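Written below as structure tokens is the structure these notes are about.
The values are calculated or read from the model by the stated rules, or taken from the named source; none is laboratory data. These numbers come from a predicted model, not from an experiment. Counting neighbours? That spans all protein chains shown, and the Cβs are built from the backbone with ideal geometry, glycine included. When the accessible area is computed, the model is the full protein with side chains, heavy atoms only, and any ligands, DNA or RNA have been set aside. Shrake-Rupley method; radii C 1.70, N 1.55, O 1.52, S 1.80 Å.
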Amino acid sequence: MTDGRICVLGLETSCDETAAAVVRRAPDGRGEILANVVRSQWDEHRAFGGVVPEIAARAHVACLDVLIEDAMRQAKLSLCQLDAIAATTGPGLNSGLIVGAVTGKTLALAHSKPFLAINHLEAHALTVGLTENRRPPYLMLLVSGGHTQLLFVKGVGNYVRLGTTIDDALGEAFDKTAKLLGLGFPGGPDVAKHAARGDGNRFALPRPLVGRKDAHFSFAGLKTAVRQLAKSLEPIDDQTLADICASFEVAVTDTVKDRVRTAMVLSEPLWSECSQRALVVAGGVAANVRLREALDALCAETGYDLSVPPIALCTDNGAMIAWAGAERLNLGESDPLDSLVRPRWPLDPDAPPAIGAGVKA
Ligand code: KG4
Ligand code: ZN
């Protein structure tokens, strides 16, 4: 655009959502979503109780072009009116990343536009700039099916990782717990639904890593404890099922609250001149009401502002990819067409490895 506004198409194919969106960034940094189209693949993966990479990649191939057409139609723009094309190039599932990256590069080449290779985690981290014009610095809790991280966001491209999971992601823990209890996929919403009518104090489940001086997470042991508990209670009646789900949620919530509190302490030297502290939450697990209430209480107690983007923008979407592209383009950045996908792509390459971690990013 010639008036200083930047329009970017963003493509997301890193996991089990295929998404295309167009956002516009004004010169004062304000963002606007012109189109945001997401197609979830849950139906394709449900029978397997988890995301199957090959099925995911094929599903991306099958619908990405249609979603791009839909997004451009909704945005009332033609491809040649865009300022850049952005696509997620990591971290995520290799074959899915390739679909979005090749599509994005091809459109960029065909229309002589800059290409932006976007880090999916960076896109989550910057979404609050789009939704509420919030600018760094802030502390970020990312809790999704694939990632569980605490990051200090200093600026675009400038992140300090304070904590990560040493085994399962939080969403994964919800999904695996749901599976072993015979609930649906994805498991988070189902566990939450049953938990809402359960007694969270009936069963004492572990609070992994609570009290540790670092801000890492671990959920594998909690999941195993739920498995053993469920086995010992068989056959499980409806109320017991609800009480297990609620006790799991309470254990998770206590754990996350403790880890975030620790990250708040660890982040203290990083805020420099900034006096107002803020916590931003993103990822699909941000939909969990008990978790949000706990974080709300923690922020009220510690004097932090709490920002949670609307759930549709907390879960995977193209708008966050387009927005990260717009922010980077605004800084004069773009990426070469021969840039590779990066299934592992840490936002903070200097972060010391978390002991025992099968760290994904
Ligand atoms: O960010 P997201 O949509 O996708 C990726 O991980 O890529 O997150 C999905 C995760 C799933 O693990 C799902 O079970 C979880 O978010 N989730 C929830 C809730 N809604 C979705 N977990 C707990 N409570 C919920 N209400
Ligand atoms: Zn995500």
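How much of VAL153 can a 1.4 Å solvent probe reach, expressed as accessible area in Å² and rounded to 10?
Approximately 0 Å² of VAL153 is accessible to the 1.4 Å probe.
Of all trypsin sites (Lys or Arg not before Pro) in the stretch 60-110, which ones are in loop regions per DSSP and have a Cβ with at most 13 other Cβ atoms within 10 Å? Display every interim value, and only then the final one.
Details: sites: ARG73, LYS76, LYS105; in loops: LYS76.
For trypsin sites (Lys or Arg not before Pro) across the stretch 60-110 that sit outside H, G, I, E and B with at most 13 neighbouring Cβ atoms in 10 Å, the list reads LYS76.
At 0.692 mPa s and 37 °C, plugging the Kirkwood radius over alpha-carbon pairs of the stretch 168-313 into Stokes-Einstein gives what diffusion coefficient in µm²/s? Each step should come with its number before you reach the end.
Working: Rh = 16.0 Å.
Estimated via Stokes-Einstein, D reaches 205 µm²/s.
In nm, to one decimal, how far is the ILE355 label point from the ALA204 one, both placed 7 Å along Cα→Cβ?
2.6
Check which residues have an amide H placed less than 5 Å from LEU162's amide H, if you skip close sequence neighbours.
For LEU162, the qualifying residues are LEU150, LEU151, PHE152.
Would you work out what percent of the accessible area of the stretch 138-308, with all protein chains in place, is carbon or sulfur (probe 1.4 Å)?
Values: 3390 of 6660 Å².
Ligands and nucleic acids excluded, carbon and sulfur give 51 percent.
Determine the distance separating the Cα centre of the stretch 57-95 from the Cα centre of the stretch 283-311; give it in Å without decimals.
Cα centroid of the stretch 57-95 versus Cα centroid of the stretch 283-311: 31 Å apart.
By average Cβ neighbour count within 10 Å, what is the ranking of 211-223, 162-174 from highest down? Show your work: numbers first, answer last.
On the way: 211-223: 18.8, 162-174: 24.9.
Packing proxy ranking, top to bottom: 162-174, 211-223.
Of the cross-linked pairs LYS213/LYS257; LYS154/LYS213; LYS176/LYS213; LYS223/LYS257; LYS231/LYS257; LYS154/LYS257, which ones have a Cα-Cα span greater than 20 Å in the structure shown?
Numbers: LYS213/LYS257 14 Å; LYS154/LYS213 22 Å; LYS176/LYS213 27 Å; LYS223/LYS257 18 Å; LYS231/LYS257 28 Å; LYS154/LYS257 22 Å.
From the list (LYS213/LYS257; LYS154/LYS213; LYS176/LYS213; LYS223/LYS257; LYS231/LYS257; LYS154/LYS257), the Cα-Cα distance tops 20 Å for LYS154/LYS213; LYS176/LYS213; LYS231/LYS257; LYS154/LYS257.
Just in the stretch 243-303: which GluC sites (Glu not before Pro) are loop by DSSP and have at most 11 other Cβ atoms within 10 Å? Mind showing how you got there, number by number?
Values: sites: GLU249, GLU273, GLU293, GLU301; in loops: GLU273.
Those satisfying the criteria are GLU273.
Restricting to DSSP H runs of at least four residues, report the calculated mean residue ellipticity at 222 nm for the chain, -39500 (n - 2.57) per run over all residues, nearest 500 deg cm²/dmol. If you can, show how the numbers build up before the last one.
Details: 11 runs with 151 residues, N = 361.
It comes out at -13500 deg cm²/dmol, rounded to the nearest 500.
Quick check: net charge around LEU116, other residues with Cβ under 9 Å of its Cβ, Lys/Arg +1 and Asp/Glu -1? Don't skip to the answer; put the middle values down first.
On the way: positive: ARG328; negative: GLU333, ASP335.
That works out to -1.
If you take every DSSP beta bridge fully contained in the stretch 138-308, what fraction is antiparallel? Give it as a percent rounded to 5.
Values: 12 of 20 bridges.
Antiparallel bridges make up about 60 percent of those DSSP assigns within the stretch 138-308.
When the chain is fully extended, how far beyond the present Cα-Cα distance does ASP65 get from ASN133, taking 0.36 nm per residue of separation?
21.5 nm
Quick one: of the DSSP bridges fully inside the chain, what percent are antiparallel, nearest 5?
Working: 29 of 46 bridges.
Antiparallel bridges make up about 65 percent of those DSSP assigns within the chain.
Given a 1.4 Å probe, how much area per residue of the chain is accessible, in Å²?
Numbers: 14680 Å² over 361 residues.
Accessible area per residue, the chain: 41 Å².
For the stretch 86-153, which chymotrypsin sites (Phe, Trp or Tyr not before Pro) are in a loop by DSSP, counting at most 14 other Cβ atoms within 10 Å? Write down the numbers at each step before the final one.
On the way: sites: PHE115, TYR138, PHE152; in loops: none.
Qualifying residues, ordered by number: none.
For the stretch 1-114, state what percent of all Cα-Cα pairs lands in each successive 10 Å bin, counting from 0 Å until the bin that includes the largest distance.
Spelled out bin by bin, the stretch 1-114 gives 15, 44, 29, 10, 2 percent.
Ordered by residue, what ³J(HN,Hα) values in Hz, to whole numbers, does the stretch 296-303 give under the Karplus form 6.51 cos²θ - 1.76 cosθ + 1.60, where θ = phi - 60° and Gly and Pro are x?
Working through the residues one at a time gives 4, 5, 4, 5, 4, 5, 9, x Hz.
Under a point-charge model restricted to the Cβ atoms of Lys and Arg (+1) and Asp and Glu (-1), what is the dipole moment magnitude of the chain relative to its Cα centre, in debye to the nearest 20? It would help to have the intermediate numbers written out before the result.
On the way: 36 positive and 42 negative charges, 52 e Å.
Roughly 260 debye, rounded to the nearest 20.
How much accessible surface does VAL252 have with a 1.4 Å probe, in Å² rounded to 10?
0
Taking a point 7 angstrom from the Cα of GLN74 along the C-beta vector, which residues in the stretch 125-142 have backbone N less than 16 Å away?
131
Can you compute log10 of I(q)/I(0) for the chain with the Debye formula, treating each Cα as one identical point scatterer, at q = 0.10, 0.12, 0.15 Å⁻¹?
The Cα Debye sum returns log10 ratios of -0.60, -0.86, -1.28.
Which one of LEU270, ILE236, VAL226 has its Cα pushed farthest toward the positive end of the charge dipole of the stretch 138-308, where Lys and Arg give +1 and Asp and Glu give -1 at the Cβ?
Selected residue: LEU270.
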